[in-house]
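For reference, the structure is listed below as C-alpha cells.
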Amino acid sequence: MNLPRLGVNIDHVATLRNARGENYPSPVQAALSCEKYGADGITAHLREDRRHIRDTDVRDIIKNIKIPLNFEMAPTNEMVEIAININPNACCIVPEKREEVTTEGGIDIKKNQDLLLPKIEKIKKNNILVSLFIDASAEQIKLAKEIGADIVEIHTGEYCRKINNLEDGQNEFERIKEAAIFADEIGLELHLGHGITFDSVKELSKIKEVKEFNIGHFIISESVFIGLQNSIKKFKEIIQEERKNL
C-alpha cells in the first residue's frame, strides 16, 4: 500500500521563537525532530516580510536534514535566487499579501501567467521541482500543467474550516476530489495542504490520488499538548487507517 507522504511545515516554531526575540525554539531542531519522528519531508515558507522563517533558518535546515525540503515562496526574483542558491527538492509557489495572517487561497495562474512562467523555467533549469499552490479548479490545474508545474498543491482551507466548525463540508470535499482526479489524469503530482487537522485528514486520506499532505500549524499547536512525536505519529496512523479501507 502506497501511503501519502507527510510533510511537516515548521514555520510556527519560528513564530514562537520570534515572539520573544530569542534563539529558541530552533526551527532546525524542529526539522530534525520531525525527521526523527517519521516526517517524510519538511516545508518552510520564507515570506517576504520574514515574519517567521528567516534566510539562515532555511540554509541551516537544508544543510542538516536528510529528507526533502519543500521551499514555499512568493513568485519574486529575490525568492527565485534564494531557491536556486539553497537547492531544495521542490519550490511551492504561493500567493502572498503582507496584510494577511496566513495564505488565504491559491495563486491565480490565469492572472499571473506572465509573472510565473519565466520563474518556473528558471527554477526547473536548476533541477528543482515546481509546485503551485492553487484552489480546487480544473482551469487552474490545466494552466499549471501548461506552464510547466510538476506538482499542484490544492488549498484545503475552506473544507477544513467547515469540518473544524462542525459544518457540512461535502461540497468542498467533492471539489477537492474532482480536482485531484483531474490533476492525476493529466500527469501532475497531487498534494493537499492548509488547515488540515486530525478530523479533516480522515476524509481527505480517502482521495487515492493524493501523494502528499503538507501540515504545519495544527501539528505545532497540537504538540503543545501531546508532543511533536505523537502529533506526527497520530497523523500517519489516521492516514494509514483510512487508506486501508479504500
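The values are calculated or read from the model by the stated rules, or taken from the named source; none is laboratory data. Note that the structure is a prediction, hence the values are computed from the model and not measured. Every residue, glycine as well, gets a Cβ built from its backbone with ideal geometry; the counts of neighbours run over all protein chains shown. Keep in mind that these areas ignore ligands, DNA and RNA; they rest on the heavy atoms of the full protein, side chains included. Shrake-Rupley method; radii C 1.70, N 1.55, O 1.52, S 1.80 Å.
Tabulated values for the structure
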{"quantity": "One residue from 189, 172 being more than 16 Å from the chain's Cα centre (by Cα) and not aliphatic (A, V, I, L, M)", "calculated": "172"}
{"quantity": "Selected residue [within 25 Å of residue 229 (Cα to Cα), of a type in the set (Asp, Glu) and either within 15 Å of the chain's Cα centre (by Cα) or modelled with pLDDT of 95 or more (or both)] from 96, 104, 78, 35", "calculated": "35"}
{"quantity": "Filter result (without any contact (Cβ under 8 Å) to a residue 12 or more places away in the chain and polar (S, T, N, Q)) within the range 1-28", "calculated": "2, 23"}
{"quantity": "Near pairs, Cβ below 9 angstrom, 6+ apart or cross-chain, from the range 217-236 (under 20 Å from residue 4 (Cα atoms) and open to solvent by 70 Å² or more (accessible area, probe 1.4 Å)) to any residue that is in a helix (DSSP H, G or I) and not small (Gly, Ala, Ser)", "calculated": "217/11; 217/12; 229/36; 230/222; 234/198; 234/222; 234/226"}
{"quantity": "Single unsatisfied condition, residue 239 versus (1) open to solvent by 80 Å² or more (accessible area, probe 1.4 Å); (2) within 13 Å of residue 2 (Cα to Cα); (3) not small (Gly, Ala, Ser)", "calculated": "(1)"}
{"quantity": "Some residue of the range 73-83 being hydrophobic (A, V, I, L, M, F, W, C), under 19 Å from residue 15 (Cα atoms) and touching a Pro at 6+ places or on another chain (Cβ under 8 Å)", "calculated": "yes"}
{"quantity": "Options 47, 51: the member that is part of a loop (DSSP other than H, G, I, E, B), open to solvent by less than 50 Å² (accessible area, probe 1.4 Å) and not aliphatic (A, V, I, L, M)", "calculated": "47"}
{"quantity": "Only one of 166, 188, 192, 204 that is farther than 13 Å from residue 131 by Cα, of a type outside the set (Phe, Trp, Tyr) and in contact with a strand residue (DSSP E or B) (Cβ under 9 Å, 6 or more places away or on another chain)", "calculated": "204"}
{"quantity": "When residues of the range 62-91 are limited to those that are assigned to a helix (DSSP H, G or I) and touching a residue at least 40 places away in the same chain (Cβ under 8 Å), the one most open to solvent (accessible area, probe 1.4 Å)", "calculated": "77"}
